[in-house]
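One structure below.
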Amino acid sequence: MPVGAFCARRNSKSRIARILRVDTMTRSTGALAALNFFMADVRDGLGPFLGVYLQSESWSPSAIGAVMTIGGLAGMVATTPAGALVDKTRAKRAIMAAAAAAMVVVAASIAILLAPSFAMTAAALVLSGLAGATIPAAIAGITLGLVKQKGYAHQLGRNEAFNHAGNVVAAILAGVAGYAFGLGAVFIVLAVMAVGSLAATALIDPKDIDHRAARGLAEKEGTPGKGFSVLVTSAPLLVLAATVALFHLGNAAMLPLLGQSLVARGAGDPSAFTSATIVIAQLSMIPMALLAARLAEQRGYWIVFLLALIALPIRRVAAAVVTSPIGLGPVQMLDGVGAGLLGVAVPGLVARILAGTGHVNAGLGAVMTAQGIGAALSPALGGLIAEHFGYSASFLVLGAIALLALLLWLVTRQLTAEACGTAPAKLVASPRNERRARVC
């Protein structure tokens with residue numbers, strides 16, 4: 001065969017291989033979007049509806065807050081080990097499938113329906129918390145492995161947009177099911193979404209996942225990472241964790257308390273109201289997630305996170321003074337602003353702070369643990385205040401806590417600013433990048 005013909009044939013095969021590679025990557029990123037869509041309800045579905053359901057079973061606000069705190073703390077304990085497991089293993093899809101199967105979550109939901117006692121509900125929430133602990137780190141690891149640092153901000157926005165769209169669809173289905181068949185039907189919707197999550201996970205091609213990139217290592221083979229101690233010695237990571245903990249201490253109880261306050265006043269159908277509040281917030285989150293990704297690419301993550309923190313205290317004050325169901329629409333829009341921005345900013349910040357260490361997902365797990373502490377304590381604190389001083393007082397106190405998160409982020413800007421710049425186009429091993437991994 002002539003040399004020219006051989007080279008042409010070889011180039012043709014190379015082009016075909018690149019096309020096929022693009023096709024499989026497109027399928028994998030599309031499946032990742034579907035996974036985020038279906039996993040939304042599996043991960044978050046129990047929270048708001050559970051509070052309303054238990055309220056309808058004559059539970060007190062403090063008892064509801066306490067049992068939800070127990071479940072949140074159980075998930076919190078498992079989050080960092082789950083992130084470390086995602087860093088170490090190449091079987092990331094298997095971990096995701098185990099969480100997506102959500103048999104524990106489904107069983108927990110059924111257990112709540114059959115015996116809504118405190119002990120049974122607490123046990124069910126512990127199981128569902130453990131099952132859901134792996135989800136954020138597993139999705140982050142798969143995402144970073146597919147698109148690497150260069151495409152991470154864009155894909156985070158896409159992930160969050162599909163996640164919030166899934167929450168909208170699930171909330172509408174749950175609201176219709178709850179209105180037609182009672183609040184118990186809401187938990188059947190969760191089981192259906194879990195099946196969709198399994199199918200989406202199976203469509204992600206494992207060959208498309210770069211496992212070095214997935215844990216934040218440099219592209220060059222053999223480049224060592226950092227010790228696990230970086231999780232407790234990185235000042236920017238510790239600041240981020242503390243800020244996120246305060247944010248969720250002030251925010252996590254908001255939607256359940258809104259639903260409970262409606263039930264307490266006897267204003268409207270509780271399942272329909274809870275669905276409406278979720279839909280309003282989640283619809284607001286979709287454009288905000290896409291905006292956050294664009295803003296992160298152009299201006300960095302610091303400003304994205306700051307805007308999220310600003311929205312929460314305003315939302316709390318609004319919730320304290322607005323009592324009609326119609327007036328709560330703007331309150332939930334503010335939730336959409338904060339959560340939509342936060343969902344992109346936090347994983348992006350962790351990936352930047354721990355770039356080159358090999359512990360990105362463990363670091364995300366550590367930050368999510370801090371988030372879990374705040375989120376787990378929030379219902380108990382909010383419920384206790386609501387029971388003794390009323391729902392308006394609860395909103396104001398939790399809003400003050402959220403204001404502390406904003407102040408902390410502002411006063412520590414010197415520590416965090418370098419982490420929040422524009423993401424690098426390519427992560428390479430160099431002394432400069434090693435320095436940035438320590439301080440940014």
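Of note:
- Within segment 288-300, the set of residues being over 12 Å from residue 155 (Cα atoms), crowded, with 22+ Cβ neighbours inside 10 Å and either in contact with a Ser or Thr (Cβ under 9 Å, 6 or more places away or on another chain) or among the small types (Gly, Ala, Ser) (or both) comprises 300 only.
- Helices (runs of 4 or more DSSP H) (entirely within segment 1-93) containing at least 3 residues that are under 30 Å from residue 144 (Cα atoms) and either among the aliphatic types (A, V, I, L, M) or modelled with pLDDT of 80 or more (or both): 3-44, 61-88
- Hey, residue 369 over 20 Å from residue 254 (Cβ atoms), part of a helix (DSSP H, G or I) and among the hydroxyl-bearing types (Ser, Thr, Tyr) or not: yes
- So residue 267, is it at pLDDT below 90, within 17 Å of residue 349 (Cα to Cα) and more than 17 Å from the chain's Cα centre (by Cα): no
- The residues in segment 383-402 that are of a type outside the set (A, V, I, L, M), buried (at least 24 other Cβ atoms within 10 Å of the Cβ) and more than 20 Å from residue 310 (Cα to Cα) can be counted, and the count is 1.
- Residues of segment 113-152 classified as under 17 Å from residue 65 (Cβ atoms) and in a loop (DSSP other than H, G, I, E, B), total: 2
The values are calculated or read from the model by the stated rules, or taken from the named source; none is laboratory data. A quick note: this is a predicted structure, and the numbers were derived from the prediction, not measured. Positions of Cβ are generated from backbone atoms using ideal geometry, with glycine treated the same way; all protein chains shown enter the neighbour counts.
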